[in-house]
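*Asks:* This structure is in structure tokens; I'll ask about it shortly.
The values are calculated or read from the model by the stated rules, or taken from the named source; none is laboratory data. Just so it is clear, the model here is predicted, and its values are computed rather than measured. A quick note on method: Cβ atoms are made from the backbone with ideal geometry, for glycine too, and the neighbour counts reach across all protein chains shown.
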Amino acid sequence: MFLYQDGPIIAVSTSSASNAAIAVIRMSGFDNIENYQKFFSIDLNKIIPRRVYLSDLIENNRIIDSVVVTFYKTPNSYTAENVIELSVHGNRLNVQRILDLFLSIQTLSLKSGPIGPAIRLANPGEFTYRALKNKKISLSEVEGLDLVLNASSTYALEQGMSILRGELHKNYEILHQLYLKLRMSIELNIDFSEDVGEEEAKALLVLAYKNFFSHIETLHLRTRGYDQGLLSPDIVLFGAVNAGKSTLFNSILRMNRSIVSDIPGTTRDYVSENISIDGVNYRLIDTAGLRDKIENIDSIIENEGIRRGLEIIRNAFVKILVVNPFIEEKFADEIFKMDLDLIVFTHNDLDLSGHAEKVKDYLNKSGDKLKSNISFKSGPIGPLLKEILDYTKDKYNLLASENPILIERHRDLINRIYIASLEVKKLFDSDNNSEVAIIASELVAVGNLISELIGVVTPSDVLNSIFKNFCIGK
Amino acid sequence: MRKNIKNLDFNFYDVIIVGAGHAGVEAAYIASQFVLKVCVITMPEVAIASAPCNPAVGGVAKGQLVREIDALGGAMGILADNAAIQYRTLNASKGYAVQSTRVQIDKDLYATEAENLLLSVKNITLVKDEVVKIERNNESLNYTVITKERGEIYCSNKLIITTGTFLNGCLHFGEKKILGGRVGVRASDDLMKLGVGKIPTMRFKTGTPARLVGSTIDFSVMEEQESDNKTKNFHLLHHPFERYSKQISCYITRTNSETMKIIRENKLKSPIFNGQINSIGPRYCPSIEDKANRYPDRDSHHIFIEPEGLNVNTHYYPNGLSTSLPLDIQIDFLRTIRGLERVEVAIPGYAVEYDVIDTTKLNKTLECKDISGLYFAGQVNGTSGYEEAAGQGIVAGINAALSVTAQLPMIFDRYDTYLGVMIDDLVENKRDEPYRLFTARSENRLLLREDNSVNRIFKYRMQLGLNRPIDNFLKDFMRDYEIFSSVTDKYSYNKSGVNIHYFEKNGYGHITGEAMTLSELLRQSQLDPVETLKSECLNKFEVSISEWVAAAVSISKRYDGYIKVAEMQNEKMKNLDSMRVNWDLLAQSRNVSYECRQRIKSIRPQTFGELRRIEGIRAATLAVAAGRLY
């Protein structure tokens, strides 16, 4: 195969970014488990598949770890090959040492006679690829799996599961069926209008065209409602120094008890915390790096920190501008050109009417199209926080209710199918619909894209693009 | 010329053709051009190139095919023009790419013309006798054909079988069953009995409507369809618009609820539905009882009433009413139709069942893979239509002749000819219904047009190395084509006042950009490209361009861009098409549905393209094959 080769592979299947209690090491594709007897204190000869054993790991007669061993015998494993899973102590050094132990088999063989073929580190997605190749899962299941494994929102998780169940794929197959019907009714028009009658053939064509186009339009809508926010939603607070961002940041954190992680922001550009609202994980970001500089964007635009700060704001799911009504600000106009979600006034318990001028000014700057999107919030901190959280929740639910398709490959293809269909639509809608043969020829392009969507394409194309997202060990 | 004709007593021929239908005539006519000794043996009571079904030649895709045959030096175009009594351009409103010529023919005249053509060729011997035995000598690779009446023996290394529906033919008139090839004609025995060898056969059926007595039809209440004098003749050496016979009209009427009620009520009297016929009929040419029962909501089907000849007593063919119901019911339902209230039936409609051979056992030359020197062409290969038969006849004839003269075989490419499309489809695919050619079978429809048949066929005909009037025509055509094509690309109209006025006067629209080439002008969709090119050649170059060349040049300009885009689209598929597939593994794969596995097992596709073209293969199977997930 183009991506992968056969033979035994090994990888750490759990996150190896930091020390953890347990790490899982997975090996697949070896002929005989006894090849590895030398590394284990238990008798591998007597091991029963799918049972859990405690064993010492041995390197040169020295115990290096105490691990839990599970053996899956071909074909009853994830990859359909022989698989060993080791749950080892999750210290990164320890994990690396155990990997090295198995990877050293070739060297050991040279010293003390052959003990089986060399094991190599698995490439990203290679375990799943083997599962695919050995018919354990289907192509679309692979894509669903990708989503499930990388989801950080319930929506993405659910879509992944739905793909694993083949539901999205059914939708594409319907598109394919409707496409075939459209093609067929065009052929009917060209080749058989004498047999079925000119008007009947035309009526069939119009119907088939309508059905196809309404289906691709619906699918296309599902690619438009998409926001990166559905995969990993960020809530960003930004504004002038002393606007009250940090107070707001900490208030939101205090209110939201289900803090997922306590890893502080890793760069000097911003501080972030993970929070959970209604089962959805968000990253709450305080754009600290902008604090001193936001007023003066023009003069220091080349500053990398600013650029990155702006990038974070631009990509954020919810953009909250924090304003202290009592201080003068000079925001660059481009701040207002980004789809702001909320402008929050802090440092007062007053009614917004006292700041009518400022509100008017911001509205002007943000342009007509944004007016309806921005809410101005003020008042006591308690209700304010609730409003912010409700706004976020509603925005998320609204997006999710459009049932957007998250997989980039699908979104891209559906968009291209839609654009190609629009070309066909132009031909259809023009008065001069004489060139049925040209419509048919344009439809071939649409058909090729649909074939790609449902998986009838060259292996290198589709598999490469699917597996590039996979992590090692999956 | 062969020098080793040793034994004249045995009547040794270079090529023997059994059957003188459309396939047999083409095979004989093309082979004779190689200056070989050709023998055609045909049933004595059957007319040469007879048209037992509809009285027409051409049609969508078939018209293109007839023009390919004609450019190759075949007979069908000549015969059709000579016998044509009505011309039509089908799909006239759907763009040049899918326009096709169809002519109604005088059947008797067509047969006479065909017989005269064969008789006019000195090196063709026409034998009217029934073949009773065919033997093959494995050592000499000789075939001996023995006929019945005269008991003579004919000998050849090349044998082309074009027996149509005559193999084991069986006719059904309602519940009545008669052995025969068609009405009033005996059937041929099956191939096994003839001793040809072991070739797998299947059983197909086809049907034909009743023939009506003209004096009992009221044409005044039907829609008249006149002959079109703008439709070009088929034969390139004919003047495009000259007519060789009197032109007459066809008529259109429709079935109604009363008609369909009678047919539905008598469903069980039709051998198709009562189990008397188990063979599979053509989906593409359904009988009226098929239509009645397949589309229970539709009562109005249009019917073309087509004359079968110029003779005052000629019969009329009600196109669209193919049936095998008993005669009394045929008369009942016919008389419910407007204009047919008092109609008399001259010959009842019937269905015929016959043996066809499994064409996956043939090469692309139509020679048997396992039996060298034995070719099959025409309806015996499970095709329907005179044009498909003729197309195979010419392919078999050419290849038999090339083989006799020890030359490389000629394989037609599906990307530039309908001949190639048809032969590919036939030999790659085991069908379960009669094969009819239509444009959708081609991946390259915008190129496979009528107007450019010469451009597409030129290289094939030149490869034959023959020197006949048609060859001179083709060379002249190609020379003119190159000249005019290049001139149209180069000649341009700048945006001068004179030109703006000129464009206005001629209804050419606006000059786009600084200047506009003649090619760009021809692409304007509101203009008739052929007429525009003809008049520009006269106005600007003061030369007249022939009708044939004008059409080829101007229509090509219109489609070139689309064809290029289409080719790019096809490119990806073509690359994929050439990928090898392991059919054996695929046929065992759990990822492939049961039916697909069965089809794969029987066809044994070697490449993805062959797999893709198997009828009924599912997208899911293709996905599995493309991803090599088997």
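*Asks:* May I ask you to list the residues in segment A:15-35 that are in contact with a His (Cβ under 8 Å, 6 or more places away or on another chain) and surrounded by 18 or more Cβ atoms within 10 Å (Cβ to Cβ)?
*Replies:* A:Ala23
*Asks:* For B:Met478, indicate whether it is touching a strand residue (DSSP E or B) at 6+ places or on another chain (Cβ under 8 Å) and free of Cβ contacts under 8 Å to residues at least 60 places away in the same chain.
*Replies:* Against the criterion (touching a strand residue (DSSP E or B) at 6+ places or on another chain (Cβ under 8 Å) and free of Cβ contacts under 8 Å to residues at least 60 places away in the same chain), B:Met478 does not qualify.
*Asks:* Would segment B:385-405 turn up any residue that is in contact with a helix residue (DSSP H, G or I) (Cβ under 7 Å, 6 or more places away or on another chain), assigned to a loop (DSSP other than H, G, I, E, B) and within 14 Å of chain A (Cβ to nearest Cβ)?
*Replies:* Within segment B:385-405, one or more residues are in contact with a helix residue (DSSP H, G or I) (Cβ under 7 Å, 6 or more places away or on another chain), assigned to a loop (DSSP other than H, G, I, E, B) and within 14 Å of chain A (Cβ to nearest Cβ).
*Asks:* Right, something else. For the condition of a type in the set (D, E, K, R), touching a Ser or Thr at 6+ places or on another chain (Cβ under 7 Å) and within 14 Å of chain A (Cβ to nearest Cβ), what is the one hit in B:Asp290, B:Asp299?
*Replies:* Selected residue: B:Asp299, the only one of B:Asp290, B:Asp299 that is of a type in the set (D, E, K, R), touching a Ser or Thr at 6+ places or on another chain (Cβ under 7 Å) and within 14 Å of chain A (Cβ to nearest Cβ).
*Asks:* Which numbered condition in (1) among the polar types (S, T, N, Q); (2) away from chain A (no Cβ under 14 Å); (3) touching a Ser or Thr at 6+ places or on another chain (Cβ under 9 Å) is the only one that B:Ser535 fails?
*Replies:* Of (1) among the polar types (S, T, N, Q); (2) away from chain A (no Cβ under 14 Å); (3) touching a Ser or Thr at 6+ places or on another chain (Cβ under 9 Å), only one is false for B:Ser535: (3).
*Asks:* List pairs: first in segment A:96-112 and hydrophobic (A, V, I, L, M, F, W, C), second outside any helix (DSSP H, G or I) and at pLDDT below 75, Cβ under 7 Å, 6+ apart or cross-chain?
*Replies:* Short answer, once both residue conditions are applied: A:Ile105/A:Ile115; A:Ile105/A:Gly116; A:Leu108/A:Ile115.
*Asks:* Can we say B:Ala346 is surrounded by fewer than 19 Cβ atoms within 10 Å (Cβ to Cβ) and outside any loop (DSSP other than H, G, I, E, B)?
*Replies:* Yes.
*Asks:* What do you reckon, is B:Gly180 more than 21 Å from B:Gly21 (Cβ to Cβ) and at pLDDT below 75?
*Replies:* no
Condition check ((1) more than 14 Å from chain B (Cβ to nearest Cβ); (2) in contact (Cβ under 8 Å) with a residue 12 or more places away in the chain; (3) surrounded by 20 or more Cβ atoms within 10 Å (Cβ to Cβ)) across all residues:
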| site | (1), (2), (3) |
| --- | --- |
| A:Tyr155 | yes, yes, yes |
| A:Gly160 | yes, yes, yes |
| A:Ile163 | yes, yes, yes |
| A:Lys181 | no, yes, no |
| A:Asp191 | no, no, yes |
| A:Glu194 | no, no, no |
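Residue-wise test of (1) over 34 Å from the mean Cα position of the chain (by Cα); (2) assigned to a strand (DSSP E or B); (3) at pLDDT 65 or above; (4) closer than 22 Å to A:Asp390 by Cβ.
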site	(1), (2), (3), (4)
A:Ile306	no, no, yes, no
A:Lys319	no, yes, yes, yes
A:Phe326	yes, no, yes, no
A:Glu329	yes, no, yes, no
A:Phe336	no, no, yes, no
A:Leu340	no, no, yes, yes
A:Val344	no, yes, yes, yes
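*Asks:* So, one more: Is there any pair with a first residue in segment A:391-412 that is within 17 Å of A:Asn281 (Cβ to Cβ) and a second that is surrounded by 15 or more Cβ atoms within 10 Å (Cβ to Cβ) and of a type in the set (Asp, Glu) whose Cβ atoms are under 6 Å apart and which are 6 or more apart or on different chains, and what are they?
*Replies:* A:Leu399/A:Asp227
*Asks:* Does B:Leu79 satisfy the condition of being within 14 Å of another protein chain (Cβ to nearest Cβ) and assigned to a helix (DSSP H, G or I)?
*Replies:* Spelling it out, it is not the case that B:Leu79 is within 14 Å of another protein chain (Cβ to nearest Cβ) and assigned to a helix (DSSP H, G or I).
*Asks:* For segment B:71-129, how many residues are farther than 17 Å from B:Val38 by Cβ and among the small types (Gly, Ala, Ser)?
*Replies:* Result for segment B:71-129: 11.
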